[in-house]
Amino acid sequence: MITLSRSDVERIAALAHLELTESETDRFTRQLGEILSYFDRLQQIDTTGVPATTHPVTSAPVMRADNRRPSMPRDEALANAPDSCGDGLFRVPKVIG
Amino acid sequence: MTASSIQTIADIRTAMAEGLTAVDICAQYLERIAAHDGPIHAFTHVAKEQALERAESIDRRGAEDPDLPLAGVPVAVKDNICTRGLPTTASSRILEGFVAPYDATVIDRLTKAGAVVIGKTNCDEFAVGSTTEHSVSGPTHNPWNLERVPGGSSGGSAAAVAARLSPIAVGSDTGGSIRQPAAFCGIVGLKPTYGRVSRYGLLAFASSLDQIGPFALTVSDAATLLQAIAGQDSCDATSAVEAVPAFDAALREPVPNPTIGVPWQILEDGVDPDVHTAFSAAIDVLRGQGAKIVDVPLPHAGYAVPTYYVVAPAEASSNLARYDGVRYAYRAPVDAAGADLTSMYDRTRDTGFGDEVKRRIMLGTYILSAGYYDAYYLKAQQVRTLIRRDYDTAFERVDAIAMPTTPTPAFGLGERSDDPLQLYLGDVFTASANLTGLPAISLPCGYGASGLPVGLQLTGRAFDEETLLRLGAGYERDAPWWRDTPPAAAIRG
């Protein structure tokens, strides 16, 4: 039986880059704890020697010729950015303090 | 055939042969949406100008062009599929204002086939959910009863077709997101075999489970739509090289003496009595048509839900990492002087994503974190193999496996919003097809006592959508439930 603490939830939120509010942290601690406990039933199954399925398709991946093709124009690719400079760059808050 | 009585692709072909234009058809559907979508909220964006322009170009080219199998047919598109020049937000605040710079392969193919994209449909944010309540623009309502959910995550696409606001629609299915809303709204929904349809341009939720597929009123229309979108695509390395059969032609031939398996044991618990009754009646119809019905054990099918809810959030937490406030649309306002990049990321993601998406990201991040990977993720991937083996064994002696699509008919809006685990359990019959990659179709098969539709699900062998469509068409001939129109529909059948 998994017990999930508030500090676990805070640690996961940091890993996931989510700045949770206090009430979100409370709610997720309870709800994620319930969900993870439900997953315990998977431990009842004997999977000794069973290979993992990472992908439902068994055929080999399809390869294509590595030819040069035009890519999307830079201004189109940047058009949806919340903050971009005129010279084709994304602008972000300071990275190093 | 008058424009106001059109329901199916066949109706559109008849009407156009009799002189109606693609513009007439398009205008008719735009009118229906304007008059009837208010209380349903199937659409998040109606592409009025683009659709009419597109219809005009079809008329100029001539609807009789054999290269246009969908000439003038309006199609509604789930908002997690990229449509060039149209909003594509996956019903998320984090993509508010995002206009796709390119078309998904399915849109490209639909356009080449002559279809007219009429609008974008509401969904659970990033296709994560099964009610279409988790949308930044508010919930979609079920056309059969506006107090009920339409299902999800492709609830807008399902409601649009059920309400006759579009003859066909495309959606995506990761754990049941086409089939469950199709069942709740009383229409046909098909999840093709993994790889049958290109995922290029689909906003990824869980990449090993996601598949785009058709919604339609009839099996024949679903087949026509699948035909247009199926096939290998160099832009999606997981799209399959398997040849695409002529689905339309196949429909004319019934499956000779089919054997259909029913896993009666897993239907013993937790299935609503109305669903059980409607499902059993559908099995009787199939039996009456000459199908041999046999009991098939699927010993691990009961583990599909916990397996799915480990695999899907793990993949989602990775896929949704790209929404960071830098490249797409939304960035949370941050105090320019005090803010650094990390706090901008964190605040953007907390205010840009809704509750259910955050829950899944948290779950997936936990599952993939050091010390838990083997216990959850690896274990679930192993159980996934066991579930697939159950199906492979069953398909040694049956042509298809029948189950209800969902354990209950549509439930009330808001009814399950505080209990995510309870909601997840509703995916018990649909999640296996995604975990195994197998194709599955949901067909309307009657109503519960509350007058809400019930779905019959048929699962087939890999790349054998043909058998599902043929069995479905056969069932539909004797059980044409699709002719019933819901109370909130634009027209009455």
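The values are calculated or read from the model by the stated rules, or taken from the named source; none is laboratory data. Quick caveat: nothing in here was measured; it's all calculated off a predicted structure. Neighbour counts run over all protein chains shown; Cβ positions are idealised from the backbone, glycine included.
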Worksheet item: Just checking, which of B:Leu438, B:Leu471 is within 14 Å of chain A (Cβ to nearest Cβ) and either of a type in the set (A, V, I, L, M) or farther than 23 Å from B:Arg196 by Cα (or both)?
Response: B:Leu438
Discussion item. Take the conditions within 11 Å of another protein chain (Cβ to nearest Cβ), surrounded by fewer than 22 Cβ atoms within 10 Å (Cβ to Cβ) and in a helix (DSSP H, G or I) and apply them to B:Arg347. Does it pass?
Written reply: yes
Worksheet item: Before we move on, is A:Leu32 at the interface with chain B (Cβ under 7 Å from one of its Cβ atoms), within 26 Å of B:Arg322 (Cβ to Cβ) and in contact with a helix residue (DSSP H, G or I) (Cβ under 7 Å, 6 or more places away or on another chain)?
Response: yes
Discussion item. Which count do you get for residues in region B:306-336 that are buried (at least 23 other Cβ atoms within 10 Å of the Cβ) and among the hydrophobic types (A, V, I, L, M, F, W, C)?
Written reply: 6
Discussion item. Considering only region B:174-181, I want to know if a residue exists there that is within 14 Å of another protein chain (Cβ to nearest Cβ) and in a loop (DSSP other than H, G, I, E, B).
Written reply: yes
Worksheet item: How many residues, within region B:81-133, are in contact with a Lys or Arg (Cβ under 6 Å, 6 or more places away or on another chain), within 14 Å of chain A (Cβ to nearest Cβ) and hydroxyl-bearing (Ser, Thr, Tyr)?
Response: 1
Response to the item:
Checked B:Ser130, B:Ser153 against criteria (hydroxyl-bearing (Ser, Thr, Tyr), farther than 17 Å from B:Pro214 by Cβ and in contact with a helix residue (DSSP H, G or I) (Cβ under 7 Å, 6 or more places away or on another chain)); the one match is B:Ser130
Discussion item. Can you find a residue that is in contact with a Gly (Cβ under 8 Å, 6 or more places away or on another chain), among the aromatic types (Phe, Trp, Tyr) and either surrounded by fewer than 24 Cβ atoms within 10 Å (Cβ to Cβ) or in a loop (DSSP other than H, G, I, E, B) (or both) anywhere in region B:198-212?
Written reply: no
Worksheet item: Could you say which residue among B:Asp427, B:Asp418 is charged (D, E, K, R) and within 16 Å of B:Gly176 (Cβ to Cβ)?
Response: B:Asp427
Discussion item. As an exercise: evaluate B:Ala339 against (1) in contact with a Pro (Cβ under 7 Å, 6 or more places away or on another chain); (2) within 7 Å of chain A (Cβ to nearest Cβ); (3) touching a residue at least 24 places away in the same chain (Cβ under 8 Å) and give the number of the one condition it does not meet.
Written reply: (3)
Worksheet entry | Wholly enclosed helices (runs of 4 or more DSSP H) of region B:217-323 bearing at least 3 residues more than 14 Å from chain A (Cβ to nearest Cβ) | B:219-229, B:247-251, B:273-288
Discussion item. Which count do you get for residues in region A:24-38 that are under 15 Å from B:Tyr424 (Cα atoms) and in contact (Cβ under 8 Å) with a residue 24 or more places away in the chain?
Written reply: 4
Worksheet item: Restricting attention to region B:49-72, which residues are touching a residue at least 60 places away in the same chain (Cβ under 8 Å) and either assigned to a helix (DSSP H, G or I) or buried (at least 19 other Cβ atoms within 10 Å of the Cβ) (or both)?
Response: B:Gln50, B:Ala51, B:Arg54, B:Ala55, B:Leu70, B:Gly72
Worksheet item: For region A:1-88, list the helices (runs of 4 or more DSSP H) that sit wholly inside it and hold at least 1 residues that are among the β-branched types (Val, Ile, Thr); which are they?
Response: A:6-15, A:22-39
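Yes/no per residue for (1) more than 9 Å from every other protein chain (Cβ to nearest Cβ); (2) at pLDDT below 95; (3) in contact with a helix residue (DSSP H, G or I) (Cβ under 8 Å, 6 or more places away or on another chain):
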| position | (1), (2), (3) |
| --- | --- |
| A:Val9 | no, no, yes |
| A:Glu19 | no, yes, yes |
| A:Pro56 | no, yes, yes |
| A:Arg64 | no, yes, no |
| A:Arg74 | yes, yes, no |
| A:Asn80 | no, yes, no |
| A:Ser84 | yes, yes, yes |
Discussion item. So if I check each of B:Val161, B:Val149, B:Val116, which one is surrounded by 24 or more Cβ atoms within 10 Å (Cβ to Cβ), among the β-branched types (Val, Ile, Thr) and within 14 Å of the chain's Cα centre (by Cα)?
Written reply: B:Val161
Item to complete: Identify, from the list B:His41, B:His36, the residue that is surrounded by fewer than 20 Cβ atoms within 10 Å (Cβ to Cβ), within 23 Å of the chain's Cα centre (by Cα) and not aromatic (Phe, Trp, Tyr).
Response: B:His36
Fill in: Among residues of region B:356-396, those that are more than 7 Å from chain A (Cβ to nearest Cβ) and either crowded, with 18+ Cβ neighbours inside 10 Å or in contact with a helix residue (DSSP H, G or I) (Cβ under 8 Å, 6 or more places away or on another chain) (or both), counted
15
Worksheet, complete the sentence: Over region B:440-469, the set of residues surrounded by 24 or more Cβ atoms within 10 Å (Cβ to Cβ) and among the charged types (D, E, K, R) is B:Glu465
